[in-house]
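Below is one structure; the comments refer to it alone.
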Amino acid sequence: MLSFTEENYLKAIYHISESGANDVSTNALAEEMKTKAASVTDMLKKLSQKDLVEYKKYKGVKISKLGEAVALQVIRKHRLWEVFLVERLQFNWDEVHDIAEQLEHIKSPLLIKKLDAYLEHPKYDPHGDPIPDENGQFGPISRTPLAELQTNSTGKFVAVKDSSSPFLQYLDKVGLYIGATILVLEIIEFDGSREIEVDGQNKIFVSQQVANNLLIH
């Protein structure tokens, strides 16, 4: 049985590794966990003793197969709970992350199995992030940042890279939502902003920063 903190560290190491880092540095992990490097080092030693990570002083840390399996189950629970909160309890998609952070540490495999069945086995959470199955496997994922689409290109808005509350609230305000069809009308050379058409109706301008955080299929 791992503590909440141990599970959160494994999840953080897994997420940082996803970005392409072979070895996760102590400083990067400290920044992610909002704590001091010395505290990170102490935790990595504990996780290493449990064969959940491979840690070498000054060289960073790699998550082990066992640690990855644990991290993926925590991520699975988090994303299933987000689906439940949005679809069944009518929370807004910008309100669920912190609540799911608490619920993801529930230990009952049977509860999660029944939750998954109750939700009819969703493949994605409300932010478009894929939900791993019981074995930690993901379905095929194909997505491109809106910023990489050219003029007159069309795609379906399927996920966000930035799931912070302010960004999600901004998307609500301008009428952008998961599942919307987006047509790039014009790319402004000066600053990389874009005029887009949403669902063949609303025309809006989005900054390059926003375009980088909208994932299209």
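The values are calculated or read from the model by the stated rules, or taken from the named source; none is laboratory data. If you're wondering where the values come from, they're calculated on a predicted model, not measured in any experiment. Positions of Cβ are generated from backbone atoms using ideal geometry, with glycine treated the same way; all protein chains shown enter the neighbour counts.
Within segment 176-192, which residues are surrounded by 17 or more Cβ atoms within 10 Å (Cβ to Cβ) and in contact with a helix residue (DSSP H, G or I) (Cβ under 8 Å, 6 or more places away or on another chain)? The answer is Ile182, Val184. Looking at (1) hydrophobic (A, V, I, L, M, F, W, C); (2) more than 19 Å from Ile131 (Cβ to Cβ); (3) touching a Ser or Thr at 6+ places or on another chain (Cβ under 9 Å), find the lone condition where Trp93 falls short. Failing condition for Trp93: (2).
Screening the candidates Pro109, Pro126, Pro132, Pro122 for the property of being crowded, with 16+ Cβ neighbours inside 10 Å and within 23 Å of Ser3 (Cα to Cα) yields one hit, Pro132. The residue pairs whose first member lies in segment 1-24 and is closer than 17 Å to Thr41 by Cα, whose second member is surrounded by fewer than 13 Cβ atoms within 10 Å (Cβ to Cβ), and whose beta carbons are closer than 7 Å, counting only pairs six or more residues apart or on different chains, are Asp23/Lys59. The lone criterion from (1) polar (S, T, N, Q); (2) at pLDDT 95 or above; (3) not in a helix (DSSP H, G or I) left unmet by Gln73 is number (3). The residue that is nearest to Ala147 (Cα to Cα), among those in segment 201-215 that are exposed (fewer than 14 other Cβ atoms within 10 Å of the Cβ) and in contact with a strand residue (DSSP E or B) (Cβ under 7 Å, 6 or more places away or on another chain), is Phe205. Taking segment 67-87 as the range and being of a type outside the set (A, V, I, L, M, F, W, C) and over 12 Å from Gln137 (Cα atoms) as the test, the residues that pass are Gly67, Lys77, His78, Arg79, Glu82, Glu87. Just to verify a result, which residue in segment 87-106, among those that are free of Cβ contacts under 8 Å to residues at least 60 places away in the same chain and closer than 21 Å to Leu176 by Cα, is surrounded by the most Cβ atoms within 10 Å (Cβ to Cβ)? It comes out as Val96.
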